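A short write-up of the structure that comes next.
Please treat every number below as a calculation from the coordinates, not as lab data. Quick caveat: nothing in here was measured; it's all calculated off a predicted structure. We place every Cβ from the backbone using ideal geometry, glycine too, and count neighbours over all the protein chains shown.
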Amino acid sequence: MKSVATAVWEGGLKDGKGRVGGHTGTFTELPITFEKRFEGTGHGSTPEELVAAAHASCFAMALSGDLGKAGFPPKRLTAKATLLLERVDEKPTVTSSALELEAEVPGVDDAKFQAIAAATKDGCPISRLLKTKITLVAKLVG
């Protein structure tokens, strides 16, 4: 399985602009700018936001599978990933990804749920890709 995306950047770092798109066509011409990425102003997305979306969705999908294998198919999983971009050795670096989860999982007790969620946090493909600290706060709802 291969996933492909393309980025185009025109101009200098601070005065330029870019766009990204996935080859599936699900998203195309998504704008990216220096201002949005490093100053938090303007419109569009950032590479870190796209990685956060990938991490949240990967974790939710993997957890659904792991809960199902354990006999607890979830009703609903809402995952959020917050990436932190900081300067390390004078270079912008993603230093952590904080996962938050609300889960409706009929029939599972909290201890079993926490164990499965923790294992999935470490094992989902995007977690395995990231070379950073990954934390998780998970709670059962409903």
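In a simple Cβ point-charge model (Lys, Arg +1; Asp, Glu -1; nothing else charged), the chain has a dipole of about 300 debye relative to its Cα centre. Averaging the Cα positions of each part gives two centres, and for region 19-68 and region 73-142 these lie 16 Å apart. Stretching residue 98 away from residue 85 to a fully extended chain increases their span by 3.5 nm, per 0.36 nm per residue minus the current alpha-carbon distance. Recomputing Kirkwood radius over Cα pairs in Å from the coordinates shown identifies the correct label among [x] 16.2; [y] 16.7; [z] 15.8 as [y]. Per-residue Karplus couplings for region 90-96, computed as 6.51 cos²θ - 1.76 cosθ + 1.60 with θ equal to phi - 60°, are listed in order as 6, 10, x, 9, 6, 9, 6 Hz, Gly and Pro entered as x. Within the same chain, lysines fewer than 8 places from residue 75 are excluded, and of the rest, those with a Cα less than 26 Å from its Cα are 112, 121, 139. Counting only residues at least eight positions apart within a chain, or on another chain, the aspartates and glutamates with an alpha carbon under 19 Å from that of residue 80 are 48, 49, 66, 100, 102, 104, 122.
Distant-in-sequence amide contacts of residue 124, defined by a placed amide H-H separation under 5 Å and a gap of 5 or more residues or a different chain, comprise nothing.
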